[in-house]
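Below: the structure, in C-alpha cells.
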Amino acid sequence: MECEGNYVKAGRRSKEEKKVFRKQLRASHTLLKHEGIRTTRQPTKSLVVANGGLGNGVSREELSAVLREMGAMENLVMPPHKPFAFVTYRCEEDATNAHTRLNGQKLLCAENSVVLYLSYVNSVTHQKAVAETLPQGLVLVEDFVSPEEEAQLLAAVDWSSAHEDVSAQKALKHRRVKHYGFEFRYDNNNVDKDKPLPACLPGECLPVLERCLRDGHINIMPDQLTINQYESGQGIPPHVDTHSAFEDTILSLSLGAKAVMEFRHPDGRVVAVVLPSRSLLVMKGESRYLWTHGITPRKFDLVPACESQSAALASPDVRTQSGLTLSKRGTRTSFTFRKIRHERCRCAFPSACDSQRTTSPSPASPPSLPCCRADAALLEEEYVHRVYDAIASHFSSTRHSPWPHVCQFLNLLAPGSVLADVGCGNGKYLGVNPELVAVGCDRSGALVQICADRGFHAFVSDALSVPLRTASCDACISIAVIHHFSTQERRLAAVRELVRLLKPGGQALVYVWAFEQEYNKQKSKYLKDHNRDSSPTQNSSKKTQEPHGEPDTQRHSYYPAEDKLSVHTNRTAFNSQDLLVPWHLKEGNKQDGKDSSCRLSSRTDPRPGCDSSREATHNPDSKPCSDTSGCSSAPVFHRYYHVFQQGELEQLCSQVAGVKVKSSYHDQGNWCVVLEKDPSLQMI
C-alpha cells in the first residue's frame, strides 16, 4: 500500500491531502456522535479505524494483514456488526506510521473496497459479550464423518429431475431440497404419513445412522430424510420442526461449506452456532421443541477467527487474534434425519406444540400486560410472532392492494433510492416503485418466504434490531408494525431503529392502528363494514359494541381485572388500548362438498391492521350465518395490539433525537407520520 503523505504534520498540504483530512475529521465526529468514541489529535499507541469493521464487510485477516505492515501490532479489536475497528501497536512510533500511511487509503476486500480513516484514541474499551451456552438438548459433534464418507454421501444425491416422483425433489426459492421416505409438505408444514415415497433412505446413510445408534445420539432408526442444498447467500427461515410430524430427536449432518445456524428462544435469547463441514448436529428436548432454528440468507458469516472446537459464537478473547472474522459461504448440503410420529405429541412445551395448543375464540386465561422486558418478549412471541407464522398464507391472501398514501410516499422517492420496509409482511409495497432499490424484513419466516416466492428481496429480522448498516437507507416504511410491541419502551426502540437506518435527510413513513376509528365525523371502513355486513341476528357482537361517537377519555386506560388483556369484538369500536384481536383462520370455502354459508370474503382488506373474521365479513351471495355450529371449525388466533390515541404517535417520535415529524395524518382508522432525519448529521 503506497504512502500518500503525512496528515498529522503541520505545514502545507496538497489538495488531495486536505480532502482526506476533512473526511478523517468527519469520521471522528461521526464516531463520537453515534458510538461515543472520543478521538484525540495527540499521537498514542491506539487507533480507531473507521470503515475497517466487520460491519463494512472487512474480515479480520484482510485488515490485520495491512495493519501489520505498519509495525508491531499488539491487539486488534473488531466489534461485531460495527463499521470500525481498534488497533493497538507496541509503540507510539508504529501507530503514527499507520496513521500517516493508511489514512485515506483504499483497502480491497473480497467483495468490495473501503477507504480507511484512522484517528488516535487514548484507550480501547470494548465490552466482551457474555458467553452464550448452547440450548438445552443441543449437541454438536465435529468431524462426525470422514472426508471419504462426505464424498460418498454427496455423490449419492442425484439432483437431476428424472426421479422427482421417487424422492420428491423441489427447487425452492432459497435452496434445492430432496425428500426420502416421506415428503415434507411446505404448504402445511407436515407429512402425509399414509403416503410413503418409493425412495427409502439411501444406503450410503446407513453406516452413519448405525454410528448414531451406537453412540447414543438416537435410540430408533429414522425413516425420513430431507436433503437441502444451499448456495452462497441462501438460507432457511427460522422454524421449529412440526411436533405432530416427527419424534423428539432430529439429526442434521452438514457437508461441504460451513455455515452459522441461529437458535432463538421465545424470550428473545439468540445463540449462533457454527456448523463446520462434516459435523453432526443433534437436537433433542428443549432445543428441538421450543427454540426456533434457521440460517439467515447472506454470503458471509461472523465466525471465530481461530479454528476452535467451540460451537457457540461466544465472545472470543479480544486480546488475542482469536476474535471474530468473516467467513465467505460456499455450497452447503445438509442431511436431516427424522422419525415419523404416529401418535399425538405430549412434549413438555404445550405453548409451541401443535398437538396440544388450543385455539378458542376467547383464551381461557388471557395474558396480562407485561411488567418487564422479558414478559413483553414472551407476550409478543406467543400473540404476534407465532400467530403470523401460523396464518401467513391466509393473511397474505387478504393483502393485495397497496394503500394510496403509502404508494404516494414511495412514488415521490428519487430513482435509485434505497428503501427498507421494516415489517414487510407479504411484500406488497416492495414492488410499488420499480425504480427503488427495495429490501424488506419481517419477524415471520413464513411471510418472508412468501416475499421470496414473489421475487422480492427480504430477510427475517426483528424490527428492534435490523442487520442493515447505520445511515444506509434513503427511506424506510413501517406499516402496521409498531402497534404489535407491547410496551412503550419497545415501541420507542422500534422508532429509533428506523431512524438509525436513515441517511441524513432521509424519510420514514409509519402507520399504526388508531384508537379513534371515527375521526372528523367519519367512520373508518373497519366500522362501516360491520354495519353493512351485519344482520339483526348477529346480536352477540352488537351487545359488546361501544358507541361510535368520540370515545370517553376515561375509558382509554380501562383493562379487565388484574390487567388481563381483553379480547376485542371485531368491527366494533375499541374499549381499551391494549387488547387481543381475533383472527379466524380460513379452512376452505366448502364443507362436505357444499358451499358454506359462513365463509370468509376474499376481498381486499380495508386497512393495514385489519383481520378477516366470520362475524364481520360474508360472501355477498350467501346469507349471514346466525348459528355457526354447523360451519366448519376454523381455528381462531389472537394477535396483540396497542392501538394509538390521537397525538400519541407524534409524542413517541418526538423522543427520538435527530429526527422531526414532517407531517401526520389519519388514514382510515390509522395514525400516520412522516419522519425526516436531520440533514446536518454526518456519516462516515
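The values are calculated or read from the model by the stated rules, or taken from the named source; none is laboratory data. These figures come from a predicted structure and were not determined experimentally. Neighbour counts run over all protein chains shown; Cβ positions are idealised from the backbone, glycine included. The accessibility values were calculated without ligands, DNA or RNA, using every heavy atom of the protein model including side chains. Shrake-Rupley method; radii C 1.70, N 1.55, O 1.52, S 1.80 Å.
Express the carbon and sulfur contribution to the solvent-accessible surface of the range 371-478 as a percent, rounded to the nearest whole number, probe 1.4 angstrom.
Reported share for carbon and sulfur atoms: 57 percent.
Order Cys407, Cys473, Cys200, most accessible first, counting only protein heavy atoms with a 1.4 angstrom probe.
Cys200, Cys407, Cys473
Starting from the Cα of His457, step 7 Å along the direction of its Cβ; do the same at Arg211; then give the gap between the two resulting points in nm.
Each label point is offset 7 Å from its Cα along the Cβ direction, giving 4.1 nm.
Taking amide H positions as placed 1.01 Å from N in the peptide plane, with prolines and chain starts having none, which residues 5 or more places from Glu74, or on another chain, fall under 5 Å of its amide H?
Thr88, Tyr89, Arg90
Report the full-extension gain for the segment Asp375 to Arg298: residue separation times 0.36 nm, less the Cα-Cα distance, to one decimal in nm.
24.6 nm
Please list, in order along the range 90-101, the HN-Hα scalar couplings obtained from phi with the Karplus expression 6.51 cos²θ - 1.76 cosθ + 1.60 (θ = phi - 60°), rounded to whole Hz, x for Gly and Pro.
Rounded to whole hertz, the list is 5, 9, 5, 4, 5, 5, 5, 4, 5, 4, 6, 8.
Give the long-range amide H neighbours of Gln234: residues separated by 5 or more places, or on another chain, with amide H under 5 Å away, using H modelled in the peptide plane at 1.01 Å from N.
Residues meeting the criterion, in which the H sits 1.01 Å from N, are Arg298.
Can you compute the FRET efficiency between Ser664 and Asp143 using 1/(1 + (r/R0)^6), with r the Cβ-Cβ distance and R0 = 41 Å? Round to the nearest 0.05.
Details: r = 59 Å, r/R0 = 1.45.
For Ser664 and Asp143, the calculated efficiency is 0.10.
Output ³J(HN,Hα) for the range 56-71: one whole-Hz value per residue in order, computed from phi by the Karplus curve 6.51 cos²θ - 1.76 cosθ + 1.60 with θ = phi - 60°, and x for Gly and Pro.
Going residue by residue, I get 9, x, 9, 7, 4, 5, 5, 6, 4, 4, 6, 5, 5, 5, 8, x Hz, with x marking Gly and Pro.
Taking amide H positions as placed in the peptide plane 1.01 Å from N, state which residues far from Leu275 in sequence (5 or more) or on other chains have amide H under 5 Å from it.
Excluding prolines and chain starts, which carry no amide H, the hits are Ala259, Val260, Met261.
Just subtract the alpha-carbon distance of Ser355 and Lys328 from 0.36 nm times their residue separation and send over the number in nm, one decimal.
Result: 5.7 nm gained on full extension.
What distance in nm separates the simple spin-label points at Lys15 and Ser368, each placed 7 Å from Cα in the Cβ direction?
Spacing of the two 7 Å Cα→Cβ label points: 7.0 nm.
Kindly report, to the nearest 10 Å², the accessible surface of His405 as traced by a 1.4 Å probe over protein heavy atoms only.
So the heavy atoms of His405 present about 80 Å² to solvent.
For the pair Glu92 and Asp678, how long in nm is the line joining their label points, each one 7 Å along Cα→Cβ?
Output for this residue pair reads 3.5 nm.
Between Asn219 and Cys347, what FRET efficiency comes out of the Förster formula 1/(1 + (r/R0)^6) with R0 = 22 Å and r the beta carbon distance, rounded to 0.05?
0.85
Enumerate the calculated ³J(HN,Hα) couplings along the range 386-399 in order (Karplus 6.51 cos²θ - 1.76 cosθ + 1.60, θ = phi - 60°), each rounded to whole Hz, writing x wherever the residue is Gly or Pro.
5, 5, 5, 5, 6, 9, 3, 5, 5, 4, 5, 5, 9, 10
Taking the mean number of other Cβ atoms within 10 Å as a proxy for protection, how do you rank 270-277, 507-514 from highest to lowest?
507-514, 270-277
Residues in the range 421-449 near a label at Arg496, defined as backbone nitrogen under 20 Å from the 7 Å Cα→Cβ point?
Counting only backbone N, you get 422-423.
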